[in-house]
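The block underneath contains the structure these notes are about, expressed in structure tokens.
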Amino acid sequence: LNGVVQARTTTTVIPQVAGRIIEVSPGFRPGARVNEGDLLFSIDPTDYELAIERTLAEIEIARSDLARLEAEAAAERKVWRGQFPDKPIPDLIARVPQIEAARARIHSGEASRQAAELSLARTVVRAPFDARILETQLDVGQVVSTNASVGSIFSVDSLEIAVPVSAKERSLIGPIDFQAVDIILPAAQGDALAGNLVRASAALDERTRLRTLFISAVDQEQLTVGEFVTVEIAG
């Protein structure tokens, strides 16, 4: 049987923040391999560092306002108790709404600070898993946005071989239970690669009316996406 090597899943690389690219890893190039956590590229962090400084300043202003209001409220309560010892002090005189507003500004500032720090962390983009780079044209100086793809990658252990089979061929193979198969590469000069039949498609191809079998190779480093191979399955 004949089949084609494909990646089970392909991940599109899209930055979560916008900005100018200041560094691109040599490993973020088509065909290269990267390990989980390796740097792919970096975005200029200046705007996000300034955003953190702004939020810290806003928090300090709100805290200062809160301290002033609490001091004024304490003074007003003291005066009120001296003049009206049997009456509760009104909220407006005790600065209750103003104090609550100042505390709300502090909470809002803290949330903005966390969001700014998260955006700053996202200016450094790293590989989410051990991967091979399919395609990218990213380079230093480019300006990227949050909705534009800058490349695509696939997991190094996600390669599999899709083999279309007729109904008769499928009946000869029998139940699929990870039986061993041999994979013969086009330029193979030695032994065939070992593999396993892992699953079958749930539907027929609408164009060819064939079912697809999926085979996983034990040594996936020998496979290349898009390569046509020969597969021998015992029937």
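Between Ala148, Ala187, Ala67, the Gaussian network model of the chain with springs among Cα atoms under 10 angstrom shows the greatest mean-square fluctuation at Ala187. Which of the listed residues, Leu92, Phe41, Ala131, is farthest toward the dipole's positive end in region 2-156, when Lys, Arg count +1 and Asp, Glu count -1 at the beta-carbon? The listed residue farthest towards the positive side: Leu92. Just the Cα atoms of region 167-216, one point each, no solvent: what log10 I(q)/I(0) does Debye give at q = 0.32 Å⁻¹? Scattering profile of region 167-216, log10 relative to I(0): -1.18.
When the Cα atoms of the chain are aligned to their principal axes, the ranges along those axes come out at 101, 44, 31 Å in descending order.
Principal-axis analysis of the Cα atoms of the chain puts helix 46-83 at an angle of about 30° to the longest axis.
The H on the amide N of Ile233, modeled in the peptide plane, is under 5 Å from the matching H of no residue at least 5 residues off or on a different chain.
Cα centroid separation, region 57-111 to region 172-235: 73 Å. Using a probe of 1.4 Å, the accessible surface attributed to Lys78 totals some 150 Å² when neighbouring protein chains are kept in position.
Subtracting the Cα-Cα distance of Ala115 and Ser166 from 0.36 nm times their residue separation leaves 12.9 nm of extension gain.
At 0.36 nm per residue, and after removing the present C-alpha to C-alpha distance, how many nm does the segment from Arg8 to Ala104 gain when stretched out fully? Please report the intermediate quantities before stating the final value.
Values: separation 96, 0.36 × 96 = 34.56 nm, distance 4.82 nm.
Here the segment from Arg8 to Ala104 would lengthen by 29.7 nm.
Note on Arg209 and Gln142: with the Förster distance fixed at 45 Å, the Cβ-Cβ geometry gives a FRET efficiency of about 0.50. Does anything in region 194-235 have its amide N under 18 Å from the 7 Å Cα→Cβ label point of Arg29, and if so which residues? What the label zone holds, given the 18 Å backbone N cut-off, is no residue at all.
Sorting 26-39, 115-128 by their mean Cβ neighbour count within 10 Å, with the most densely packed peptide first, gives 115-128, 26-39.
Against the main long axis of the alpha-carbon atoms of the chain, helix 96-121 sits at an angle near 30°.
Work out, step by step, the length gained on full extension between Phe228 and Asp38: first 0.36 nm times the residue separation, then minus their alpha carbon distance; give nm to one decimal. Gain in length upon complete extension: 65.3 nm.
Rounded to the nearest 20, the size of the Cβ-charge dipole of the chain about its Cα centre is 820 debye, with Lys and Arg at +1 and Asp and Glu at -1. As an exercise, use a Förster radius of 30 Å and the Cβ-Cβ distance of Phe129 and Arg54 to find the FRET efficiency, rounded to the nearest 0.05. So the FRET efficiency works out to roughly 0.30. Measuring nothing but protein heavy atoms, the accessible surface of region 165-223 at 1.4 Å probe radius is 51 percent carbon and sulfur.
The values are calculated or read from the model by the stated rules, or taken from the named source; none is laboratory data. If you're wondering where the values come from, they're calculated on a predicted model, not measured in any experiment. Don't worry about glycine lacking a Cβ; one is built from the backbone with ideal geometry, like all the others, and counts go over all protein chains shown. The area values use the complete protein model at the heavy-atom level, side chains included, leaving out ligands, DNA and RNA. Shrake-Rupley method; radii C 1.70, N 1.55, O 1.52, S 1.80 Å.
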